[in-house]
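Undergrad: Take a look at the following structure, please.
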Amino acid sequence: MAHSASSRTVIFAALGGNLLVAATKFGAAFLTGSSSMLSEAIHSLIDTGNQGLLLVGIRRAQRPATVQHPFGHGLELYFWTFVVALLIFGVGAGVSFFEGIIHILHPQPATHVVVNYLVLGASIVFEGSVWLFALRAFRKDGKGRRGWVEAVQVSKDPTVFTVLFEDTAALAGLAVAFLGNVLAEWLDMPVLDGVASIVIGCILALTAGFLALESQSLLTGEGVAPEVLAALRRMALSAQGVERLNEIRSLHFGPHDVLVVISVDFRNDMSAGQVEIVVSALERQIKQQYPDVTRVFIEAQDSRTQPTGAAATGGAPTA
């Protein structure tokens, strides 16, 4: 399964940046005793590990097909994306909640707060640059004219939108940590630092939940986008000798690895040789127009053998 160079570049950029930022945040957290800063440091460390897991997923997904896995290992990318979501929720959000509760129950004023402000400001600048990089890649690879939520739901490449959402959560967390430190110092209420840590935990939990939902959908099998499905339907119906489209199904085994299965009813006066020629031509046409379609199975079948209903009669396209 081929994978876009832009996805790898985004992941490597985020990995290197998060590792550096995490080390800086840990130093600031230990120096100042800030709960929200420690939560942010753990968040950056988890993001670093997450990008490493995405790279593992890309590598494992590219392994060739075997007898045991005849359609390849593309779905492994979706599995590792799901693991990333679990880590964000279980470790990132869990530790942030824990640290926040501890500092609310036992508030301690932070020291050397200027260090916190400097680190948070620098982190916002860097995270913002990585976020813009991921945003451009997401727009280029799949957003188009779609809305943000629709673009993520339609996207079959979780690597770019995972990094984008992680960086969005990181920016939101940095803003919360900065605000928590400022208010805790100005109002002389160190408990607000713990509250900021809990808010960061909530941000991470929401991010993890969204990524887990999208990964679950990809793992359980998603078809091609509606406009692609409509185009495949038109191709099949316009093929020579096709009287009826019985059924069309598609399944993503990876971002660029799609299986398409089409059942059509040919004219009864066509010979087997003529049907073979039409089937070969239709397969070539589909693969030329949609290179992500790596496998096409076209079945010649009498429509009377199909079950009743829109999916069987071709009354509505199915994925």
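Undergrad: Given the conditions (1) of a type in the set (A, V, I, L, M, F, W, C); (2) at pLDDT 90 or above; (3) surrounded by fewer than 18 Cβ atoms within 10 Å (Cβ to Cβ), report the number of the one that Val182 does not fulfil.
TA: Just one mismatch for Val182, condition (2).
Undergrad: Name the single residue that is modelled with the lowest pLDDT among those in segment 46-70 being more than 16 Å from the chain's Cα centre (by Cα) and among the aliphatic types (A, V, I, L, M).
TA: The selected residue is Ile46.
Undergrad: Assuming Arg63 fulfils every condition listed in (1) under 26 Å from Ser197 (Cα atoms); (2) not in a helix (DSSP H, G or I) apart from one, which condition is it?
TA: Among (1) under 26 Å from Ser197 (Cα atoms); (2) not in a helix (DSSP H, G or I), Arg63 violates only (1).
Undergrad: Does segment 136-158 include one or more residues that are at pLDDT below 85, hydroxyl-bearing (Ser, Thr, Tyr) and out of contact with any helix residue (DSSP H, G or I) (no Cβ under 6 Å at 6 or more places or on another chain)? Even if it seems obvious, please write down each step before you answer.
TA: Of segment 136-158, the ones at pLDDT below 85 are 136-158.
After this cut, where a residue has to be hydroxyl-bearing (Ser, Thr, Tyr) as well, the list is 155.
Okay, now just the ones that are also out of contact with any helix residue (DSSP H, G or I) (no Cβ under 6 Å at 6 or more places or on another chain), so none.
No.
Undergrad: A further question follows. Yes or no: Ile88 under 24 Å from Trp186 (Cβ atoms) and β-branched (Val, Ile, Thr)? Show your work before the answer.
TA: Details: under 24 Å from Trp186 (Cβ atoms): no; β-branched (Val, Ile, Thr): yes.
No: the conditions fail for Ile88.
Undergrad: Report, ordered by the first and then the second residue, all pairs with beta carbons closer than 9 Å, sequence separation of six or more or different chains, a first member in segment 52-70 that is touching a residue at least 40 places away in the same chain (Cβ under 8 Å) and more than 18 Å from Val258 (Cα to Cα), and a second member that is in a helix (DSSP H, G or I) and among the basic types (Lys, Arg).
TA: Taking only residues 6 or more apart or on different chains, the pairs are Leu55/Arg8.
Undergrad: Determine if segment 212-223 includes at least one residue that is of a type in the set (S, T, N, Q), under 32 Å from the mean Cα position of the chain (by Cα) and either surrounded by 15 or more Cβ atoms within 10 Å (Cβ to Cβ) or not in a helix (DSSP H, G or I) (or both). Don't jump to the end; show me each part of the working.
TA: Initially, segment 212-223 is screened for residues of a type in the set (S, T, N, Q), giving 215-217, 220.
The next check asks that each one be under 32 Å from the mean Cα position of the chain (by Cα); those that pass are 215-217, 220.
With the extra rule that they be either surrounded by 15 or more Cβ atoms within 10 Å (Cβ to Cβ) or not in a helix (DSSP H, G or I) (or both), the set shrinks to 215, 220.
So far as segment 212-223 goes, yes, one or more of its residues are of a type in the set (S, T, N, Q), under 32 Å from the mean Cα position of the chain (by Cα) and either surrounded by 15 or more Cβ atoms within 10 Å (Cβ to Cβ) or not in a helix (DSSP H, G or I) (or both).
Undergrad: Can you tell me how many residues within segment 8-66 are aromatic (Phe, Trp, Tyr) and over 23 Å from Glu99 (Cβ atoms)?
TA: Residues of segment 8-66 that are aromatic (Phe, Trp, Tyr), as a first pass: 12, 26, 30.
Next, only the ones that are over 23 Å from Glu99 (Cβ atoms) stay: 12.
Number of matching residues: 1.
The values are calculated or read from the model by the stated rules, or taken from the named source; none is laboratory data. This one's a predicted model, so the numbers in the text were calculated from it and none came from an experiment. Ideal geometry is used to build each Cβ from the backbone, glycine not excepted, and the neighbour counts take in all protein chains shown.
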